[in-house]
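Report on the following structure.
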Amino acid sequence: MESRNMDAKIASRTKAIVGQLKPLEGPLLPILHGIQDEFGYVPKAALPVIAEGLNLSRAEVHGVVSFYHDYRETPAGRHVIKLCRAEACQSMGGDELAERLLWLLGLDWHETSANGSVTIEPVYCLGLCACAPAAMVDGDVVGRLDEDAVKALAKAVMA
Amino acid sequence: MSVKIYIPGDSGAVAVGADRLALRMAETIKARDLDAVVIRNGSRGMYWLEPMVEIETSQGRVAYGPVKPSDLNSLLDAGLLEGGDHPLCLGATENIPYLKRQTRLTFARCGITDPLSLEDYRANGGLVGLTNAVVLAPEAIVAQVTESGLRGRGGAGFPTGIKWKTVLEAQGPQKYIICNADEGDSGTFADRMIMEGDPFVLIEGMIIAGIATGATKGYVYLRSEYPHAIRVMNRAVEILRQAGVLGISVLGSSHAFDMEIRVGAGAYVCGEETALLESLEGRRGVVRAKPPLPAHKGFLARPTVVNNVISLASVPIIMDKGAAYYRDFGMGRSRGTIPIQIAGNVKHGGLFEAAFGMTLGELVDDIAGGTASGRPVKAVQVGGPLGAYFPRALFDTPFDYEAFAGKDGLIGHAGIVVFDDSADMLKQARFAFEFCAIESCGKCTPCRIGSTRGVEVVDSIRAGIETESQINLMTDLCNTMKFGSLCALGGFTPYPVMSALTHFPEDFRPAPKMTGPMSQAAE
């Protein structure tokens, strides 16, 4: 019953978002962003509603959701760390820092901690290459990461 | 008259504490009852000095940096508001050697103005190019851009004027200008800096492109990894719409142009123009085969200009100062200036806009000041994750599209990433394949399967399994990817891989392990 109520709620919110953004040229990505902003992920229950609203098959919508790295199928942790793994950050010891952070959090890439406090994701460039290594923590950018900063970061997100 | 204090709102500066500093500055001004205002400008692009504070004095701007919140009291005690002396004082901003050596055309205003002040924009030469363009025939604008020699700054280097001419001559009920702001290459941040530091110049360039080609609608496809740029661009569009620069009558003329900011969803391949179009239309970012060219059948199968941020942002200065002025900078067929992004393991990382033609060595040793770690430079990757790794032996290569191609490299989006001698080039080659595997759109076999196979082959080399035959296999694989892939992702991944093998062969042939009969004999 609970989940059916939840699905109905998702469907009705999705319908409103689809209705609002449908007039755009190429509305699917804006709609998916809208849904992820609303729920924190793209719930399965939203897909048939989008498909119907845009006259697409459910498979087509699923194909788009699964293609892009940004869309989540489940909610993220309360904190989200995106750590840059690209070349500029690598050249400044980013790989070692990444290993260290994963070890401190007890997580692997894309994982969320069991208590739901933090999700860690790789990102390939935040455009902060001149102040590498860099990360984005809950949408805020952090540059010139070092061992101490990583330790403080792990402590802060696990609290 | 309040004293103006500039503290960048650029995300590179924010990443190293500019927001906290600006907040503390505002509190301190209030507590000390000072007549001063804090303005959040863009970055001047000297990231090792960020957060860099500038004070407007009667003698011009004076810079201080890098400034921590704990430095504020001592700075104010030393007469910060009058440009007073202090250990953090860098003197007149314009005289800082890194800035003084540049030729700033595209980035002329970046770091100087308040990015969202239209008044500031106009006062610093903004909208002159557009004002000139609105009274010209489309053909005349296209001719100017063609004569300027401007080539696409996104990497491919295709002449911008020719692309525009194709769209101008194409027939369609609606034409589009699409700005590719999916700057996903590691080591590049020029697009981000312009969008955050001088968003109006990009929009001005898009409107000019619209008038030149008959397009009345524009989109900026902006990557989701740049939330700050998204906010600034959205706000900039609103401001220009309210001011009548965007809308049904551009600057009161008979031209209409309006635009939207669209946010990507974390797929690197969407920086490829046809994948970008698919994504904008609401599909998986899968590459399209060409022809048809986007200029003929682009967004929604209509004639479309797809240009990079820097290409478009360079157009207003051309329409302002004329084609000849722009063309007179540069060398060979690489005309004008190029915003070089110096990053990675360097002392002085940042944006350096200069005429084409400086050598890689000058940029790395002289401008960037060598490595941040103080160790010798081993390799420099130019042009992003699909660019070649250059050794010191190639440091005499001038920054020029043809010169780099001649050395089996590419300028790409003009990012250079420096590595010191601790870099393991086999690992970098593996990363290139791995990155391609993660980001491949999957449409063509060489890219989709070749990249994964590449990782396996590199792992075999690492494990010392039949090293020579695996290296031959890797070379063969790179050839297949280079000539068989549909787009640059699969087609250019061989550049980092093969350059690593060619210039650093020792990293691919690990010293033999002391096992087996030899090690027993040694015991």
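The values are calculated or read from the model by the stated rules, or taken from the named source; none is laboratory data. All figures in this text were calculated on a predicted structure; none of them were measured in a lab. FYI the Cβ positions are ideal-geometry reconstructions off the backbone, even for glycines, and counts take in every protein chain you see. For the accessible areas, the whole protein counts, side chains as well, though only heavy atoms, and no ligand, DNA or RNA atoms are used. Shrake-Rupley method; radii C 1.70, N 1.55, O 1.52, S 1.80 Å.
Here the contact order of chain A, divided by its residue count and restricted to Cα pairs under 8 Å and six or more residues apart, works out to 19 percent.
Between amide H atoms placed 1.01 Å from N, distances below 5 Å from B:Ile338 occur with B:Ala354, B:Ala355, B:Phe356, all of them 5 or more places distant or on a separate chain. Across peptide A:131-138, the mean count of Cβ atoms from other chains lying within 10 Å of each residue's own Cβ comes to 4. Think of each Lys and Arg Cβ as +1 and each Asp and Glu Cβ as -1; about the Cα centre, that makes the dipole of segment A:97-159 roughly 120 debye. Only the Cβ atoms of Lys and Arg (+1) and of Asp and Glu (-1) were treated as charged; on that basis the dipole of the protein assembly as shown about its Cα centre amounts to roughly 1480 debye.
Couplings 3J(HN,Hα) for segment A:34-40, derived from phi with the Karplus relation 6.51 cos²θ - 1.76 cosθ + 1.60 (θ = phi - 60°), are x, 5, 5, 4, 6, 9, x Hz, where x marks Gly and Pro.
What order, most packed first, do the peptides B:323-333, B:168-178 have when packing is the mean number of other Cβ atoms within 10 Å of each residue?
On the way: B:323-333: 16.5, B:168-178: 18.6.
Most protected by this proxy first, the peptides run B:168-178, B:323-333.
Amide H to amide H distances under 5 Å link B:Thr359 with B:Phe399, where only residues 5 or more positions off or on other chains count and H is placed in the peptide plane. The protection proxy used here, the mean number of other Cβ atoms lying within 10 Å of each residue, ranks peptides A:12-23, B:397-408, B:101-112 as follows, highest first: B:101-112, B:397-408, A:12-23. Select from A:Gln90, A:Val137, A:Gly127 the residue farthest towards the positive end of the dipole of segment A:79-158; place +1 on Cβ of Lys and Arg, -1 on Cβ of Asp and Glu, and compute about the Cα centre. Farthest along the dipole direction, towards plus: A:Val137. Treating each Cα of segment A:79-158 as one equal point scatterer and applying the Debye formula with no solvent, the log10 of I(q)/I(0) at q = 0.12, 0.19, 0.27 Å⁻¹ comes out as -0.27, -0.70, -1.44.
Legend: mean number of C-beta atoms from other chains within 10 angstrom of residue C-beta atoms, peptide B:182-193, equals 5. The mean accessible area for residues of segment B:333-420, using a 1.4 Å probe and ignoring ligands and nucleic acids, is 25 Å² per residue. Computed from label points 7 Å out along Cα-Cβ, the spacing between B:Ala463 and B:Ala405 is 4.1 nm. For the protein assembly as shown, with the dipole built from +1 on Lys and Arg beta-carbon atoms and -1 on Asp and Glu ones, taken about the Cα centre, which of B:Gly17, B:Ser314, B:Gln174 lies farthest toward the positive end? After comparing all options, I get B:Gln174.
Based on the alpha-carbon gyration tensor of segment B:3-100 and its eigenvalue square roots a ≥ b ≥ c, which shape applies: rounded if a/c is under 1.5, prolate if not and a/b is larger than b/c, or oblate? It is oblate, given that a/c is not under 1.5 and a/b is not larger than b/c. From its DSSP helices (H runs of at least four residues, each -39,500 (n - 2.57)), chain A gives a residue-normalised ellipticity at 222 nm of -15000 deg cm²/dmol. The interface between chain B and chain A buries about 3700 Å² of solvent-accessible area in total (1.4 Å probe, ligands and nucleic acids excluded). In this calculation the C-beta distance from B:Asp77 to A:Thr74 is compared with R0 = 56 Å, giving a FRET efficiency of 0.55. The overall shape of segment B:333-420, judged from the alpha-carbon gyration tensor, is prolate: a/c is not under 1.5, and a/b is greater than b/c.
If you count the DSSP beta bridges with both ends in chain B, what percent of them are antiparallel, to the nearest 5? Antiparallel: roughly 55 percent of the beta bridges in chain B.
Taking the centroid of alpha carbons for each part, segment B:407-464 and segment A:100-159 are 24 Å apart. Subtracting the Cα-Cα distance of B:Glu27 and B:Asn472 from their residue separation scaled by 0.36 nm leaves 153.8 nm. Pairs from the table (A:Lys44/B:Lys297; B:Lys175/B:Lys321; A:Lys15/A:Lys82) lying more than 29 angstrom apart at Cα are A:Lys44/B:Lys297; A:Lys15/A:Lys82. Dipole orientation for the protein assembly as shown: of the candidates B:Ser224, B:Ala500, A:Leu24, A:Leu24 has the Cα lying most toward the positive pole (charges on Cβ; Lys, Arg +1; Asp, Glu -1). Summarising the amide proton neighbourhood of B:Glu260: residues at separation of 5 or more, or on other chains, whose placed amide H is nearer than 5 Å comprise B:Gly218, B:Tyr219, B:Val220. Excluding ligands, DNA and RNA, the accessible surface per residue across segment B:118-326 is 31 Å² with a 1.4 Å probe.
Per atom type, the protein assembly as shown shows carbon and sulfur on 54% of its accessible surface, probed at 1.4 Å. Only Cα sites of the protein assembly as shown enter the Debye sum here, all with the same form factor; the resulting log10 I(q)/I(0) across q = 0.09 1/Å is -0.79, listed in q order.
For the listed residue pairs A:Lys22/B:Lys443; A:Lys22/B:Lys217; A:Lys9/A:Lys155, the alpha carbons are over 25 angstrom apart in A:Lys22/B:Lys443; A:Lys9/A:Lys155.
Note that segment B:170-180 has calculated 3J(HN,Hα) couplings of 6, 9, x, x, 8, 10, 10, 10, 10, 8, 7 Hz, one per residue in order, obtained from phi through the Karplus relation 6.51 cos²θ - 1.76 cosθ + 1.60 (θ = phi - 60°); glycine and proline are x.
Taking the square roots of five times each eigenvalue of the Cα gyration tensor of chain B, the equivalent ellipsoid has semi-axes of 39, 33, 19 Å, listed largest first.
Taken about its Cα centre, chain B carries a charge dipole of about 1160 debye when Lys and Arg each add +1 at the Cβ and Asp and Glu each add -1 at the Cβ.
Ignore the peptide's own chain and count Cβ atoms of other chains within 10 Å of each Cβ in B:105-118; give me the average, rounded.
0
Rounded to the nearest 5, the antiparallel percentage of DSSP beta bridges internal to the protein assembly as shown is 55%. The phi-based Karplus calculation (6.51 cos²θ - 1.76 cosθ + 1.60; θ = phi - 60°) puts the 3J(HN,Hα) values of segment B:140-146 at 5, 5, 4, 4, 4, 5, 5 Hz, whole numbers, x for Gly and Pro. Interface burial in segment B:251-276 reaches 40 Å² or more for B:Arg262, B:Ala265, comparing the full protein assembly with the chain by itself; accessible area from heavy atoms with a 1.4 Å probe.
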